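Since every read-out is calculated from the coordinates, none of them should be taken as a lab result. These numbers come from a predicted model, not from an experiment. Cβ placement follows ideal geometry from the backbone for every residue including glycine, while neighbour counts extend to all protein chains displayed.
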Amino acid sequence: MVDKLIRLTSEQRSSFVAYLDGELDEQQSRQIENLLAQNEVARHDMESLAATWELLDEMPRVKASESFSQKTMETLQLENREFSLQDQPWFQQSKRIGTLLLGTVLVLACGVLGFVAARSLPPSAEDVMIRNYALLKHLDQYQEIGSTEFLDRLQRSVEWSRRPANPRERDAR
Amino acid sequence: MSASTQIPGNSYLSDPDVQLMLLVKQGDDEAFAELVETYQDRVISIFSNILDDPSMAEDLAQETFLRIYRARSGYEPQAKFSTWLFHIANNLVSNTRRKKKYRKEIQFGTGDTGPLSTRPPEKNLAEKSALMPARMLDKDELQKMIRQAMETLNDKQRMAVLLNKFEDMSYADIAETLETTPTAVKSLLARARENLREYLENYVQM
C-alpha cells in the first residue's frame, strides 16, 4: 500500500517523457511499466503528462500565405539571374577592363590635380631666392653703386658698345 | 531526371526529400519548388509559434529556403532533409533573438528593475483563470494559455517541443537539429514538458 504512493525520483520523471515518446529501450520500458502498475503517483504523473501533451494539439498551425511559394521562387530566380550574369566570361572581362580603366583614370586625375595644386600654391622664400640668384650674386656691388642711373648711362654710352665682347681680348688690349 | 550523385552506403539517400535536394543540386528548380510546397507551412508554423509574429515567420521561412537554395551546389546528404532544414531554421531563430535582444538593450538599457517588470502580465492572467477547467475555456482562450505556457520555456526547449510534437522527430534527429546529444534532448524535453504540465494542469481534462 505504501509503494502505491511513494514519491518519484527526478530520473524516473524524466524517463516518463522518453517512455511516452517511445525513446526507451525494452528493458527501460519494462521498468517504467512495472512502476506504473505498482505506483499510483506514477500513474497520475504519466496521465497528466500525456494529457498536457495532447492539449498542445490545440496550438494554432499557421499556414503560409498563398503567394509565399511563388514569392520565394521569384526571389531565388532573381538571385539566380544575378549569379549567372556574373558567371559570364564577357561580364568578367568587362569587369576587369572597367577596373583597369577606372584605375588609369584615377591615376591621371591625381596627377592633374597634383600639378594644378602645385601651380596654385604661393612660391616659398627659397623659390624667390633661386629665381633672383643672378641679382643676389652681385647684390653687394649693386648696393655699393647705390643707383642704377649710372649703369643705365654706361650701357647707353658709345664706349660701352665698342667694348670687346670677349674679356680676354679686352685684357690683351 | 534522376539523382546520379549517390554515395554508396549513405542511409539518408532513402529520404525522398534528400533525393529532391540532389535534383536541386543538379539545377532542377521544380524540385526545389516541390520542397518549398512540402515544408512551407511546417516551417512557418514553427517560426510563428516561437516568435509569435506571423509576418516575421514568413520572412524567416523565406530566408531558410533561400539559404538552402544558396547551399545547393555544395550539398551532400549528411542528414535527413528535414533535420538540415530545421537546423537552419533554429540558427535563424537564435540570430533573430540575439538581434532583438540587442535592440531591446539599446532601447531600454540592461536593467530589468522597474514597475513594469515586477510581475509579468501573463502570470496574472494565468492565475486569474487557473481554476477554470479546459472545457470552460473557449478555443481562443485555451490557445492563449498554451502560448503563454510555451513562453515560459527557453528557445531551445520550445524548439525541441515543437519538433517533437509537430514534426514527430526522434531524440536523435532533434539532437542533430539543435547540435546537442540525444541524452541532452531527453532531459531538455523532460524539463520542458514538466514546465508545461505545471502551467497547464488546471486546463487538462483527466
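Quick notes on this structure:
- Between helix A:40-55 and chain A: long-axis angle, C-alpha atoms, 0 to 90°, nearest 10: 50 degrees
- Residues A:SER161, A:SER15 in ascending order of nearby Cβ atoms (within 10 Å, fewest first): A:SER161, A:SER15.
- Theoretical gain in end-to-end length, B:ALA172 to B:GLU37 [0.36 nm per residue, Cα-Cα removed]: 46.0 nm
- Model label sites at A:LEU108 and A:THR75, defined 7 Å from Cα along the beta-carbon direction, differ in position by 4.4 nm.
- Peptide A:13-25 has a mean shielding of 5, counted as Cβ atoms of other protein chains within 10 Å of each residue's Cβ.
- Of A:LYS71/B:LYS139; B:LYS80/B:LYS165; B:LYS156/B:LYS186; B:LYS99/B:LYS156, pairs whose Cα-Cα distance is over 24 Å: A:LYS71/B:LYS139
- Straight-line reach from B:LYS25: taking Cα to Cα under 15 Å and skipping same-chain neighbours fewer than 8 places apart, the aspartates and glutamates in range are B:ASP17, B:GLU34, B:GLU76.
- Protection proxy ranking, highest mean first, for peptides A:100-109, B:43-52: B:43-52, A:100-109, where packing is the per-residue count of other beta-carbon atoms within 10 Å, averaged.
- J(HN,Hα) series, the range A:96-112, from Karplus relation 6.51 cos²θ - 1.76 cosθ + 1.60, nearest Hz, glycine and proline x: 5, 5, x, 5, 4, 4, 4, x, 4, 4, 5, 4, 4, 4, 4, x, 4
- Neighbourhood charge, 14 Å Cβ-Cβ cut-off, centred on A:THR75 and excluding it, Lys, Arg +1 and Asp, Glu -1: -3
- Residues A:TRP53, A:TRP90 arranged by fewest to most Cβ contacts within 10 Å: A:TRP90, A:TRP53
- Counting other Cβ atoms within 10 Å as a rough exposure proxy, the listed residues A:THR72, B:THR152 run B:THR152, A:THR72 from fewest neighbours to most.
- Loop-resident sites, the range B:15-69, for trypsin sites (Lys or Arg not before Pro), counting at most 16 other Cβ within 10 Å (DSSP): none
- For chain A, the longest principal axis of the C-alpha atoms and the axis of helix A:10-20 are separated by about 80°.
- Maximal additional length on extending the B:GLU198-B:THR181 stretch stands at 3.5 nm, based on 0.36 nm per residue less the C-alpha distance.
- Rounded to 10°, Cα long-axis angle of helix A:68-87 versus longest principal axis of chain A: 40 degrees
- Within the same chain, aspartates and glutamates fewer than 8 places from A:LYS95 are excluded, and of the rest, those with a Cα less than 18 Å from its Cα are A:GLU82, A:ASP87.
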